[in-house]
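*Asks:* Sharing a structure, written as structure tokens. Questions coming.
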Amino acid sequence: MGSDKVKTKRFYFIDMENVHRDGLVGIEMLTQKDCVRIYYSNPLETIPIDLHKQIMESPAKFEYIKVEVPIKNAADCMILFDLQGIARDNKKSEFIIISHDSDFDRPISEFKHRGINAFKRTVICEKAEEEISEKAEKKNHSKREEEIRKFIKANFGEISISGDRDKILDDTVHAVLSGKTKSQVNHNLLKIYDNQSVKLIYKELKPLIKDLPGK
């Protein structure tokens, strides 16, 4: 556990009902200069034994704050109230709210305006958050690629293509996937097909790129 003689460098405010145990990802990165305050309203039975063990062995100081006020967003209010109070005596510390809740964004902006070094993350470790974000982005990318591939195979069955059909269709998938605007998609297609073919293919692809910027 953390020592009271050590000046706390970082305070973590865990919105447990919002992030659940995933918010504690990166717990092994904590030091004796960290204080983790876990705000909860329901029993913490969802925290597995191995995570409890990590908490017990962590050099950081852990505090559990039960939210018993029967009002909406009670945990959010308590976190902001406590952060403001703790910041008075710890002006050089960092204050990290662990939550997905966008309701914290405006208060955090106001805290920063007042010189309080506060910000929000979804997990304890910033590096872990970046890795989670990258995994989610890859997953979305794969889902999008699968959607495009399925559409092209279903709609290009009757189109006459000279050359290696599978490779050309694969190139078409990536031409759509890599295009950030409608004009980029059109430009990418021109590298694969002749001008006349692109006009026909682009028309077929419109349902897939309707949300992209441009005409």
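*Asks:* Out of curiosity, is residue 38 closer than 17 Å to residue 122 by Cβ, surrounded by 13 or more Cβ atoms within 10 Å (Cβ to Cβ) and touching a residue at least 40 places away in the same chain (Cβ under 8 Å)?
*Replies:* Working: closer than 17 Å to residue 122 by Cβ: yes; surrounded by 13 or more Cβ atoms within 10 Å (Cβ to Cβ): yes; touching a residue at least 40 places away in the same chain (Cβ under 8 Å): no.
Criteria not met by residue 38.
*Asks:* Tell me, yes or no, whether the range 179-187 has at least one residue that is at pLDDT 85 or above, among the hydroxyl-bearing types (Ser, Thr, Tyr) and surrounded by 13 or more Cβ atoms within 10 Å (Cβ to Cβ).
*Replies:* yes
*Asks:* Which ones in the range 188-209 are among the aliphatic types (A, V, I, L, M) and part of a loop (DSSP other than H, G, I, E, B)?
*Replies:* Answer for the range 188-209, where residues must be among the aliphatic types (A, V, I, L, M) and part of a loop (DSSP other than H, G, I, E, B): just 192.
*Asks:* Can you go through 159, 148 and tell me which one is farther than 30 Å from residue 21 by Cβ, modelled with pLDDT under 85 and surrounded by 17 or more Cβ atoms within 10 Å (Cβ to Cβ)? Reasoning before the result, please.
*Replies:* Values: 159 fails: surrounded by 17 or more Cβ atoms within 10 Å (Cβ to Cβ).
After applying the criteria, what remains is 148.
*Asks:* Looking at 100, 52, which one is surrounded by 11 or more Cβ atoms within 10 Å (Cβ to Cβ), over 22 Å from residue 115 (Cβ atoms) and without any contact (Cβ under 8 Å) to a residue 12 or more places away in the chain?
*Replies:* Within the list 100, 52, the selection yields 52.
*Asks:* Please report, ordered by residue number, the helices (runs of 4 or more DSSP H) entirely within the range 39-140 with at least 2 residues that are modelled with pLDDT of 90 or more, under 23 Å from the mean Cα position of the chain (by Cα) and in the same structural domain as residue 28 (by TED's automatic domain parsing).
*Replies:* Because the criterion is at least 2 residues that are modelled with pLDDT of 90 or more, under 23 Å from the mean Cα position of the chain (by Cα) and in the same structural domain as residue 28 (by TED's automatic domain parsing), the helices (runs of 4 or more DSSP H) in the range 39-140 that meet it are 74-89, 105-113.
*Asks:* Mind checking which residues of the range 193-215 are more than 14 Å from residue 155 (Cα to Cα), among the aliphatic types (A, V, I, L, M) and within 35 Å of the chain's Cα centre (by Cα)?
*Replies:* Residues satisfying the conditions are 209, 212.
The values are calculated or read from the model by the stated rules, or taken from the named source; none is laboratory data. As the structure is a computational prediction, the values presented were derived from the model and not from experiment. For neighbour counting, all protein chains shown are included, and Cβ atoms are generated from backbone atoms with ideal geometry for every residue, glycine included.
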